[in-house]
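Asks: Below you'll find the structure I mean.
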Amino acid sequence: MENKTFNADIIFIEGLKVSPKASVPAFILLLLIYIFIMVSNIGLVVLISMERSLHEPMYLLFCNMSINDVYGATTIIPRLLSNIFSPITDRYIYYMDCVVQAFSSHFHAGTSHAVLMIMAFDRYVAICNPLRYATIMTNRMVLKLSVGAWLVAFILVAILIGLTIRLTRCRRIIINPFCDNASLFKLSCQNLLINHIYGLGSAVVILGSSIGSIALTYLRIAMVCLSSKNKVLNSRALRTCTTHLAVYIIMLVASFTPMIMHRRPEWADSGKVSSVLFHVIPPALNPLIYGLQCKELRHKINGLFHKNKVTDAKSNMHVQSYHK
């Protein structure tokens, strides 16, 4: 009977540990956040796509980030919502669905770092080589860099998950809110040395490249701003770089918080909850930060609302005159 159970294609997953009293508030809060993520990020992509004046490298890279945030949130939040009202003993997921979710969560994380590195390079060229910016950061170059970012993340994560699904399974319980690579390979009783080495190595490469490139980029930008007495250049650099750094720091905090918490047994449950934050907090805050900090986007959004108000006012006047 045990062997049949282990060979089954159904995996039990802990999901979010929420008390019965907190189930409804947790569901409503998570649902509202998910709706906001979808509306704000998709709205940002549509706005940039429709406005020709926003077809610039920086805004096209914003589209990359928003699409990736929608993808990352959709892979995690809907299943969490569906499991909130189910008892922990009744929460299960098919193994291949778990593999897809694990791949998607890691792919979202890898792509986030890659896109933010490209955005840092874009700011570097704009501030340190402004005269050559138009020739270097063409739309074709942005397309190549974007495809490269998604492709590199895809290959690294495909190898990561590929090394895991080759393993046989002797367990069927995942003690985590959602499926990730570590949860999957812990289902096996085989030697996991290769998985640990590649997993650690790929994480070091991605995080090391991300932190190193962004630190060097902003160090160079700071040196240029300090040596330049152009107040307009410095003001624009500060505005755009602050936006990018804010997004990057939020993502890093959301990444490292669960790693730190998992090392303290008394914080284990909090660490599991915080692991969800990477797929919730940055996707919710990114469009807000872009919209508030980027003057061009802010003006377009304000103009859109103003246009709608004018249209409504005209239609009301038309209705009133018709009734008269």
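Read-outs: derived from the displayed coordinates by stated rules, not from any lab. Everything numeric here is computed off the predicted structure, so don't read it as measured data.
Asks: Rounded if a/c is under 1.5, else prolate if a/b is larger than b/c, else oblate: which is the stretch 52-99, with a ≥ b ≥ c the root eigenvalues of its Cα gyration tensor?
Replies: On the way: a/c = 6.80, a/b = 3.22, b/c = 2.11.
The shape class here is prolate.
Asks: How are the C-alpha pair distances of the stretch 135-255 spread across 10 Å bins, as whole percents from the shortest bin up?
Replies: 10, 27, 29, 18, 11, 4, 1
Asks: Here's something else I'd like to know. Hey, how many Å between the Cα centroid of the stretch 69-130 and the Cα centroid of the stretch 148-166?
Replies: Centre-to-centre distance over Cα atoms comes out at 14 Å.
Asks: Work out from phi, with θ = phi - 60° and the Karplus expression 6.51 cos²θ - 1.76 cosθ + 1.60, the ³J(HN,Hα) of each residue of the stretch 102-115, listed in order in whole Hz, and give x for Gly and Pro.
Replies: Using θ = phi - 60°, the values come out as 4, 4, 5, 5, 6, 5, 4, 5, x, 5, 4, 5, 5, 5 Hz.
Asks: Report, by chain and number, residues whose modeled amide H sits under 5 Å from the one on residue 11, excluding near sequence neighbours (fewer than 5 apart, same chain).
Replies: 93, 94, 95
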